[in-house]
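Each value in this text was obtained by applying a stated rule to the coordinates, not by laboratory testing. Just so you know, these numbers come straight off a predicted model, no measurement behind them. Cβ coordinates were reconstructed from backbone atoms using ideal geometry, including for glycine residues, and neighbour counts include every protein chain displayed.
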Amino acid sequence: MRNVVLAILLMTVLLAGTASAAGLFGPPEPLADPGKFSLDAGYTLDKTRMTQGDDRLGTRSNDYYLQGNYSFLKDWEVYGRAGAADMVVHSTDTQQRFGTSPNFFGSLGVKGVAYRCGNFAFGPFVEGSMYSNYSGIARNQWESDFGVSAQYKIKDVIVYGGPFGYFRQADSQLGLNPPISQDDMKERSNIGGFLGLRFPIVQQTLFLTAEAQMRDRPGVGAALSYKF
């Protein structure tokens, strides 16, 4: 019961204070045993800074998703994420604001442990995402993330983090006034870092993961995971 209360309080604080998040990377160690699955349900508030030519853009989206994870080998897993995300874009230079309702997005990724020593472990991860077209804002939007995640396990709690690179690009459909360059929308920076925590809240079957990320703007996210 104490763990359940702690989980609810932690998720409330994190989601209320969210500035940006682009999905959880998680620890390198899979939650599921080899040959088995786990399922995540998560929410992130994604904020970032982009550019289109010389124009500076700020974007925001609410992301709701389900993620299936399969441990295909000891300490390694593949995962797929499907969900819906809205999108709002604000132009700093023209002071215009554009918004759309939620559209489908999907992600695929792989991660695992490359080295382990006692309670410490680390390994690489890579994932890619595609988004449905946002009428009047962007089309052909994609994102890729890759990096290294290190973890330290304290009983049933895993503390993890590491550096990562990220790229996002989209064909602009913005009706800016006055018109500016129709160049692609791109991220302003491409290097970040993350720090997270995962712990069980119901008898080694239901887990909470909370993660902070530093891109060009700081932010956090959270997800509940069920281990089959």
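Partner aspartates and glutamates whose Cα lies under 13 Å from the Cα of LYS111, excluding those fewer than 8 positions away in the same chain, are identified as GLU29, ASP75, GLU77, GLU127, ASP145. Of the residues VAL88, PHE37, ASN190, the one whose Cα sits farthest toward the positive end of the charge dipole of the stretch 2-227, with +1 on the Cβ of Lys and Arg and -1 on the Cβ of Asp and Glu, is PHE37. Just checking the listed ones, ASP145, ASP156, ASP33: in the Gaussian network model of the chain with Cα springs under 10 Å, the one fluctuating most is ASP156.
For ARG188 and ASN133, a Förster radius of 22 Å and the Cβ-Cβ distance give a FRET efficiency of 0.45, rounded to the nearest 0.05. With R₀ set to 45 Å, the beta-carbon distance separating GLN203 from ASP86 gives a calculated FRET efficiency near 0.80. How much FRET efficiency would the formula 1/(1 + (r/R0)^6) give for ARG56 and ALA114, where r is the Cβ-Cβ distance and R0 is 41 Å, rounded to 0.05? So the FRET efficiency works out to roughly 0.60.
List the relative contact order of the chain as a percent without decimals, with contacts defined as Cα pairs under 8 Å and 6+ residues apart.
Working: 651 pairs, mean separation 51.6, N = 228.
Rounded, it is 23 percent for the chain.
Potential lengthening of the chain between TYR226 and ARG49 amounts to 60.4 nm, from the contour at 0.36 nm per residue minus the alpha-carbon distance.
Within the straight-line cut-off of under 21 Å between alpha carbons, the lysines reachable from LYS186 are LYS47, sequence neighbours fewer than 8 places apart in one chain being disregarded. Suppose every Lys and Arg Cβ carries +1 and every Asp and Glu Cβ carries -1, with no other charges. What dipole size does the chain come out with about its Cα centre, to the nearest 20 debye? I would put it at about 600 debye. Under the simplified labelling scheme, the MET214-ASN177 pair shows an inter-label distance of 4.2 nm, with each label point 7 Å from Cα along Cα→Cβ.
Against the longest principal axis of the chain, how steep is helix 2-16, in degrees 0 to 90 to the nearest 10, with axes from Cα atoms? With rounding to tens, the tilt is 10 degrees. Taking 0.36 nm per residue of sequence separation and removing the Cα-Cα distance, the ASN140/LEU195 pair yields an extension gain of 16.8 nm.
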